[in-house]
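K.L.:
Sending over a structure as structure tokens; questions will come in a sec.
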Amino acid sequence: MPVVAPKGTLSVLLRDGTRREHEQAENEGFVARLMSGGLDVAAYADLAAQQHAVYTALEQASEAVRHDARGEALVFDELTRVPAIERDLAHLYGPDWRERVRTLPATRTYVARLHDVGTRLPQYAAHAYTRYLGDLSGGQIVQRMMQRHYDMGTAGLEFYDFPEISRLKPFKDLYRERLDALDLSADEVDLAVSEAREAFRLNRAVFVELGAAHPGR
């Protein structure tokens, strides 16, 4: 059956159509342990390394979509995350971080998916939605929990800072407006919602492997 309801904006369809997958990802054991203080900074550093691989692929796709007349309005320089992640990794691992980080199999699968479909507008919209709106919302909670439980300051957590966005709520509203204004056919909207579900499943798989690597105390 198609995932698109007779009425509804793309942002609403993405939110409602991925509710189950979103909840499963954010309730994965690794996330719960990290957020409750049951792990350590090394576990967060491993997560940051996986984020670097994913966002490198996503932001490569952004450069292609930037030149797509239908999708260019969805690419915001203010959201670019790779430079901030690289500064975090340099703090967490040291200047030789590129030699020290590892990319998990689930992350490689996620990256391969982004390389495969990420430059197609419906799929790009799905992946950008799941990542960037998550960073602007739940990511802010992650930052506070890392500071609270692991005595981290701002260094190592720049990924969650958006210095070029003065007010997050209005920006998120603008992002949803840009999503809703995309010139997508009904089939493309279906595809976007389906791909967003896949994005959450891919993200959860990364959490599962991180959880196996960092069982906690």
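The values are calculated or read from the model by the stated rules, or taken from the named source; none is laboratory data. Quantities reported herein were computed from a predicted structural model and do not represent experimental measurements. Note: ideal-geometry Cβ built from the backbone for every residue, glycine included; neighbour counts use all protein chains shown. For the accessible areas, the whole protein counts, side chains as well, though only heavy atoms, and no ligand, DNA or RNA atoms are used. Shrake-Rupley method; radii C 1.70, N 1.55, O 1.52, S 1.80 Å.
K.L.:
What whole-number value in Å² describes the accessible area per residue of segment 1-87 for a 1.4 Å probe? Provide the component values of the computation, followed by the final result.
P.N.:
Numbers: 4070 Å² over 87 residues.
Averaged over the residues of segment 1-87, the accessible area is 47 Å².
K.L.:
Across all directions of projection, what mean area in square nanometres is found for the Cα convex hull of segment 169-217? Mind dumping the intermediate values first?
P.N.:
Values: hull surface 20.8 nm².
Hull-based average projected area comes out at 5.2 nm².
K.L.:
Could you please state, rounded to a whole Å, how far the C-alpha centre of segment 11-75 is from the C-alpha centre of segment 80-154?
P.N.:
Result: 7 Å between the Cα centres.
K.L.:
Ranked highest first by the average count of other Cβ atoms within 10 Å around their residues, in what order do 78-84, 135-141 fall? All intermediate terms of the calculation are to be shown ahead of the outcome.
P.N.:
Details: 78-84: 17.3, 135-141: 15.7.
With the highest mean Cβ count within 10 Å placed first, the list reads 78-84, 135-141.
K.L.:
Sort 126-134, 106-114 by packing, meaning the average of other beta carbons within 10 Å per residue, with the highest value first.
P.N.:
Numbers: 126-134: 23.2, 106-114: 18.7.
Listed from highest to lowest mean packing, they are 126-134, 106-114.
K.L.:
Counting each DSSP H run of 4 or more residues in the chain as -39500 (n - 2.57), what helix-only mean residue ellipticity at 222 nm follows after dividing by all residues, to the nearest 500 deg cm²/dmol?
P.N.:
Values: 11 runs with 140 residues, N = 217.
Calculated at 222 nm, the ellipticity per residue is -20500 deg cm²/dmol.
K.L.:
I've got another one for you. Could you order peptides 88-95, 186-193, 52-59 by the average number of other Cβ atoms within 10 Å of their residues, highest first? Before the final figure, lay out each step's value.
P.N.:
Details: 88-95: 17.5, 186-193: 19.4, 52-59: 21.5.
Result, highest mean first: 52-59, 186-193, 88-95.
K.L.:
For segment 138-217, with all protein chains present and a 1.4 Å probe, just round the carbon and sulfur fraction of the accessible area to a whole percent.
P.N.:
Numbers: 2070 of 4280 Å².
Carbon with sulfur: 48 percent of the solvent-accessible area.
K.L.:
Starting from the Cα of T56, step 7 Å along the direction of its Cβ; do the same at T109; then give the gap between the two resulting points in nm.
P.N.:
Between T56 and T109, the label points sit 2.0 nm apart.
K.L.:
When the gyration tensor of segment 38-104 is built from Cα positions, what are the square roots of 5 times its three eigenvalues, in whole Å, from largest to smallest?
P.N.:
Details: eigenvalues 159, 24, 21 Å².
The answer is 28, 11, 10 Å, longest axis first.
K.L.:
How large is ³J(HN,Hα), in whole Hz, for each residue of segment 161-174 in order, when computed from phi with the Karplus curve 6.51 cos²θ - 1.76 cosθ + 1.60 and θ = phi - 60°, using x for Gly and Pro?
P.N.:
9, 10, x, 8, 10, 6, 9, 5, 4, x, 5, 4, 4, 5
K.L.:
In Å², what does the accessible area per residue of segment 134-217 work out to with a 1.4 Å probe? Walk me through the intermediate numbers first.
P.N.:
On the way: 4370 Å² over 84 residues.
So segment 134-217 comes to 52 Å² accessible per residue, rounded to a whole number.
K.L.:
For q = 0.14, 0.20, 0.24, 0.26 Å⁻¹, what log10 I(q)/I(0) does segment 137-214 give under the Debye formula with an equal point scatterer on each alpha carbon and no solvent?
P.N.:
With no solvent term, the Cα-only Debye profile gives -0.75, -1.11, -1.15, -1.17.
K.L.:
Here is a further query. Roughly speaking, to the nearest percent, how much of segment 18-118's 1.4 Å accessible area is carbon and sulfur? If you can, show how the numbers build up before the last one.
P.N.:
Values: 2270 of 4640 Å².
Within segment 18-118, the accessible surface is 49 percent carbon and sulfur.
K.L.:
Oh, and also: How large is Rg over Rh for the chain, taking Rg from the Cα atoms and Rh as the Kirkwood inverse mean of 1/r across Cα pairs?
P.N.:
Details: Rg = 17.0 Å, Rh = 17.7 Å.
Radius of gyration over Kirkwood radius for the chain works out to 0.96.
K.L.:
Taking 8 Å as the Cα distance limit and 6 or more residues as the minimum spacing, I'd like the relative contact order of the chain as a percentage. Please list the in-between numbers first.
P.N.:
Working: 232 pairs, mean separation 90.4, N = 217.
With pairs under 8 Å counted, the relative contact order is 42 percent.
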